[in-house]
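Participant: Once you've had a glance at the structure underneath, I'll fire off some questions.
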Amino acid sequence: MDPKTITAAAAGTWTLGDRTVHRIGFGAMRLTGSAAFHHGTPSDRDRAITVLRKAVELGVNHIDTAAFYFSRLRSANELINSALSPYPDDLLIATKVGPFRDWSGEWGTSARPEDLRGHVEENLRQLGRDHLDLVYLRRMRQESVADHFGALAELRTAGLIRHLGLSDVEPRHLAEARAIAPVVSVQNRYALDHRDPRTDELLRICGEQGIAFVPFYAIAGDAGPQGATTAHDTAVREIAAAHGASPAQIRLAWTLGRGPHVLAIPGTGDPDHLAENVAAGALHLTAQEVQRLDSPRGAQPAEPVTG
């Protein structure tokens, strides 16, 4: 499989709100540097802009970002604005509000409902837009999302937001939010080696209700915000070899295989890795391969790979 010849269209599409997007998108967090958020080496700005433009050239029309994605010298939103504005008509940019970082990069307390308008307006300024396509409320351990989601629903009515989503939630939070306003997407951590019964239930509910499910850290494993894992179990490695693919591509193919409503948003600051991630949308695993990946034995990690 030559990733340079495959576009995001190979993954198929999903209707996200009022926009049809390819099921392989792009997560912008890794654009800002070598480590999550603030303390790593800042990215090369020209290279980050190249990655964004290449993503669009490869058919990516769903980008996930946030105003709190910034390192010492880089802001993901600013990079997106510089690289892609004026934005293509078919490009959907999703952002998140709820968490808060001050200008030094330190995390503050989570936003109160009355703070969310300021968070939305900051994303608008950074992205250079007069409305946001999709805004996720990132739950910060609160038992109820009603007050925060209600504040975003008011901003939707005011025209600052087109569509609403939820992040880091349980099924009960989805039901609570849907009683207030439509929810088009749910974004939770979910991966081949990072699953729990509540998220599996949420995945099922989203499929039944026509809501997109957008897992983050799908190829990260325990590495989380640091990027793609290098620890792959034997099943992943052997299936990757059989397809002439990378282990990360197998993880993405498994993720997309969880349902037609599942959208992947792998992130990278490397143009070659970007092309590989997009090409994963063309991979189709057999039922036997999926069963092997899902088996407890297949989930046991092997020694990390270096180099």
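Participant: Among (1) surrounded by 13 or more Cβ atoms within 10 Å (Cβ to Cβ); (2) farther than 19 Å from Leu127 by Cα, there is one condition Ala28 misses while meeting the rest; what is its number?
Facilitator: (2)
Participant: Do we find a residue being surrounded by 22 or more Cβ atoms within 10 Å (Cβ to Cβ), more than 24 Å from Glu208 (Cα to Cα), in contact (Cβ under 8 Å) with a residue 12 or more places away in the chain and under 17 Å from the mean Cα position of the chain (by Cα) anywhere in the range 97-109?
Facilitator: yes
Participant: Moving on to the next point. Taking the condition under 25 Å from the mean Cα position of the chain (by Cα), at pLDDT 95 or above and farther than 24 Å from Ala48 by Cβ, does Gly281 pass?
Facilitator: The answer is no for Gly281.
Residue-by-condition table, conditions (1) surrounded by 14 or more Cβ atoms within 10 Å (Cβ to Cβ); (2) modelled with pLDDT under 90; (3) at negative phi:
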| site | (1), (2), (3) |
| --- | --- |
| Ser34 | yes, yes, yes |
| Pro42 | yes, yes, yes |
| Asp46 | no, no, yes |
| Ile49 | yes, no, yes |
| Leu58 | yes, no, yes |
| Asn61 | yes, no, yes |
| Ile80 | yes, no, yes |
| Asp89 | no, no, yes |
| Ile93 | yes, no, yes |
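Participant: Continuing with the same structure: Kindly list the number of the only condition in (1) at pLDDT 95 or above; (2) part of a helix (DSSP H, G or I) that fails for Lys4.
Facilitator: The single condition Lys4 does not satisfy is (1).
Participant: Closer than 22 Å to Pro182 by Cβ, surrounded by 16 or more Cβ atoms within 10 Å (Cβ to Cβ), among the basic types (Lys, Arg) and within 20 Å of the chain's Cα centre (by Cα): is that true of Arg156 in this structure?
Facilitator: So Arg156 does not fit the description; no.
Participant: May I ask you to say which residue of Glu57, Glu78 is charged (D, E, K, R), out of contact with any Pro (no Cβ under 9 Å at 6 or more places or on another chain) and under 19 Å from Thr7 (Cβ atoms)?
Facilitator: Glu57
Participant: Any idea which of Gly207, Gly165 is within 30 Å of Ala83 (Cβ to Cβ) and either in a helix (DSSP H, G or I) or of a type in the set (Gly, Ala, Ser) (or both)?
Facilitator: On inspection, the qualifying residue turns out to be Gly165.
Participant: Of everything in the range 119-145 that's surrounded by fewer than 16 Cβ atoms within 10 Å (Cβ to Cβ) and either in contact with an Asp or Glu (Cβ under 6 Å, 6 or more places away or on another chain) or of a type in the set (Gly, Ala, Ser) (or both), which residue is farthest from Val214 (Cα to Cα)?
Facilitator: Among residues in the range 119-145 that are surrounded by fewer than 16 Cβ atoms within 10 Å (Cβ to Cβ) and either in contact with an Asp or Glu (Cβ under 6 Å, 6 or more places away or on another chain) or of a type in the set (Gly, Ala, Ser) (or both), the one farthest from Val214 (Cα to Cα) is Gly128.
Participant: Do we have any residue at all in the range 114-131 that's within 18 Å of the chain's Cα centre (by Cα) and closer than 24 Å to His163 by Cα?
Facilitator: Yes: the range 114-131 contains one or more residues that are within 18 Å of the chain's Cα centre (by Cα) and closer than 24 Å to His163 by Cα.
Participant: While we're on this one: For the range 164-177, give me each residue that is farther than 30 Å from Asp233 by Cβ and either buried (at least 22 other Cβ atoms within 10 Å of the Cβ) or without any contact (Cβ under 8 Å) to a residue 12 or more places away in the chain (or both).
Facilitator: Leu164, Gly165, Leu166, Arg172, His173, Ala175, Ala177
The values are calculated or read from the model by the stated rules, or taken from the named source; none is laboratory data. Being a predicted model, the structure only gives us computed values, none of them experimental. For neighbour counting, all protein chains shown are included, and Cβ atoms are generated from backbone atoms with ideal geometry for every residue, glycine included.
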